[in-house]
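Here's the structure we're looking at; comments come further down.
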Amino acid sequence: MNVKILAATAEHSVFAERICDMILESAKQRGTGIASRTPEYVAQKIRDGKAVVAIDVDANRVVGFSYIETWGHGKFVANSGLIVDPDYRYMGLAFKIKKKIFNLSRQKYPNARIFGITTGQAVMKINSALGYVPVTFAELTDDQEFWDGCKGCRNYDILERTNHRMCLCTGMLYDPEKHKSLWQKSVDFIRRHNARAQRLRFRWWMRHRRQKQKRLVRFAREKK
Ligand SMILES: CC(C)(COP(=O)(O)OP(=O)(O)OC[C@H]1O[C@@H](n2cnc3c(N)ncnc32)[C@H](O)[C@@H]1OP(=O)(O)O)[C@@H](O)C(=O)NCCC(=O)NCCS
């Protein structure tokens, strides 16, 4: 068994159908609702470079998947659709896939907060290892389209009853601001300081130029 975890490229879009089947089968087995993901949607994510695939190279078979979704105009990112083929579970694949998609999300959206909602113990473990912390739903995106994705879940009535404040899922969040090193914080401070100094210098220069022009006009009038 030779499994490779790869940032997906267009050639992997042929696996979209199998990925959707795996997601559907697992949702049926778990008796949970499922956000509708068509093979076209999954293939588009793959072509856009917003997905990670696990491929058993010897069998030329897709055995795991996850993809990136953005919410709230890119302020929030979710790594969704995590699935591992039942024959390949408990081998650490989900952890490797999550780590890869997390790093890809950080690279593509360095300032976005990365979040997820889950009831799965495996996902909670993996998220914690990546630096996510449990949060209330109020700290997650308020993008209605994201929450509409819960409509297919059989517990949706709980979410409705609590006015979207809580449900059976745990919200988990990775806030890049909280993981900045002292060095990064200092660089950010200096950048902000330099930008402000530049704005002030520009304003001073404009005022100086206006005054100079006024003086020249006055001088010309006096000469006449
Ligand atoms: C959840 C899932 C992705 C885990 O895949 P996996 O490759 O078996 O997970 P890993 O081997 O990387 O395990 C990661 C950790 O979770 C634990 N774990 C895995 N499956 C678990 C389960 N069903 N219940 C509790 N813990 C589990 C592992 O023991 C491991 O913990 P450790 O690091 O302390 O040893 C896989 O079972 C799956 O595809 N399930 C169906 C889809 C699903 O539930 N997706 C998540 C939607 S939020």
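Listed values, structure above:
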| item | result |
| --- | --- |
| Cα→Cβ-extended label distance, 7 Å offset, between residue 168 and residue 122, nm | 1.8 nm |
| Along each principal axis, Cα extent of the stretch 115-224, largest first, Å | 87, 35, 17 |
| Reduced Cα scattering model of the stretch 148-213, Debye log10 I(q)/I(0), q = 0.26 Å⁻¹ | -1.07 |
| Extended-chain gain in nm, criterion 0.36 nm per residue less alpha-carbon gap, residue 144 and residue 177 | 9.4 nm |
| Residue among 13, 66, 105 with the largest mean-square fluctuation in a Gaussian network model of the chain, springs linking Cα atoms under 10 Å | 13 |
| Three principal axis lengths of the stretch 24-116 [C-alpha, angstrom, descending] | 36, 30, 25 |
| Rough spin-label spacing in nm, given labels placed 7 Å along Cα→Cβ, for residue 213 and residue 197 | 2.9 nm |
| Distance between modelled label sites at residue 44 and residue 14, nm, 7 Å Cα→Cβ extension | 2.3 nm |
| Sites residue 158 and residue 129, calculated FRET efficiency, Cβ-Cβ separation with R0 30 Å, nearest 0.05 | 0.60 |
| Packing rank of 214-224, 189-199, where each peptide gets the mean count of other beta carbons within 10 Å, highest leading | 189-199, 214-224 |
| Angle between the chain longest axis and helix 121-130 axis [Cα atoms, degrees, rounded to 10] | 30 degrees |
| For residue 170, distant residues with modelled amide H under 5 Å away | 118, 119 |
| Of every Cα-Cα pair in the chain, the percent that sits beyond 32 Å | 34 percent |
| Surface/4 of the Cα convex hull for the stretch 39-169, nm² | 8.7 nm² |
| Net charge, residue 190 excluded, C-beta distance under 14 Å - Lys, Arg +1, Asp, Glu -1 | +4 |
| Gained length - residue 89 relative to residue 185, 0.36 nm times residue gap less alpha-carbon distance | 30.6 nm |
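Here, each number is a calculation from the coordinates, and none is a lab measurement. What you are looking at is a predicted structure, and each value in this text was computed from that prediction instead of being measured. Reconstructed Cβ throughout: ideal geometry from the backbone, glycine too, with neighbour counts over all protein chains shown.
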